[in-house]
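Asker: For reference, the structure I am asking about is given below.
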Amino acid sequence: MEESLGKNIFKNHCSGCHVNGSNIIRRSKNLKISSLKRNGIDNPEAIAQIARQGIGIMSGYKDQLGDNNDQIVANWIWEQAQKAWIQE
């Protein structure tokens with residue numbers, strides 16, 4: 001249940017810029033595991049914080065995500081990064 005919710009949240013709020021974990025605006029700021037770790041983002045909580053508050057030119061989505069959805073989408077993103085964004 002949480003996995004499909006994470007995927008839907010990502011699709012609705014993140015995929016416009018982060019298609020399949022990439023970044024259409026700043027290529028080096030993608031959601032691939034190597035880029036995340038290189039940028040000091042090494043756990044789902046760090047991703048959730050960025051989703052809420054934003055980072056760099058990316059605005060935060062706290063109001064759009066609502067309660068706990070930042071953590072749900074962050075967990076889903078972290079899982080996808082671990083799988084190199086290869087869908088099953």
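The values are calculated or read from the model by the stated rules, or taken from the named source; none is laboratory data. Computed from a prediction, not measured in an experiment: that's the story for all the values here. Ideal geometry is used to build each Cβ from the backbone, glycine not excepted, and the neighbour counts take in all protein chains shown. For the accessible areas, the whole protein counts, side chains as well, though only heavy atoms, and no ligand, DNA or RNA atoms are used. Shrake-Rupley method; radii C 1.70, N 1.55, O 1.52, S 1.80 Å.
Asker: Kindly check whether there is at least one residue in the range 64-77 that is among the charged types (D, E, K, R) and under 10 Å from the mean Cα position of the chain (by Cα).
Answerer: yes
Asker: Further question on the same structure: Could you list all residues from the range 19-35 that are modelled with pLDDT of 95 or more, outside any loop (DSSP other than H, G, I, E, B) and surrounded by fewer than 12 Cβ atoms within 10 Å (Cβ to Cβ)?
Answerer: Result: SER34, single match.
Asker: Can you tell me which residue in the range 57-84 is nearest to PHE10 (Cα to Cα), limited to those that are open to solvent by 80 Å² or more (accessible area, probe 1.4 Å) and not basic (Lys, Arg)?
Answerer: Once the filter is applied, the top-ranked residue is GLN64.
Asker: Out of curiosity, is GLN87 among the polar types (S, T, N, Q) and either in a helix (DSSP H, G or I) or crowded, with 17+ Cβ neighbours inside 10 Å (or both)?
Answerer: No; evaluated as a whole, the condition is false for this residue.
Residues checked against (1) open to solvent by less than 70 Å² (accessible area, probe 1.4 Å); (2) more than 11 Å from GLN71 (Cα to Cα); (3) part of a helix (DSSP H, G or I):
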position	(1), (2), (3)
ASN12	no, yes, yes
CYS17	yes, yes, no
LYS37	no, yes, yes
ASP42	no, yes, no
ALA46	yes, no, yes
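Asker: Yes or no: LYS62 within 15 Å of TRP76 (Cα to Cα) and of a type in the set (Lys, Arg)?
Answerer: no
Asker: Of all the residues that make up the range 34-50, how many are under 17 Å from TRP85 (Cβ atoms) and either among the hydroxyl-bearing types (Ser, Thr, Tyr) or under 11 Å from the mean Cα position of the chain (by Cα) (or both)?
Answerer: 6
Asker: Would you please list the contacts, defined by Cβ atoms under 8 Å and residues six or more apart or on different chains, that run from a residue in the range 32-49 that is of a type in the set (Lys, Arg) to a residue that is open to solvent by less than 70 Å² (accessible area, probe 1.4 Å) and part of a loop (DSSP other than H, G, I, E, B)?
Answerer: LYS32/SER22; LYS32/ALA84; LYS32/TRP85
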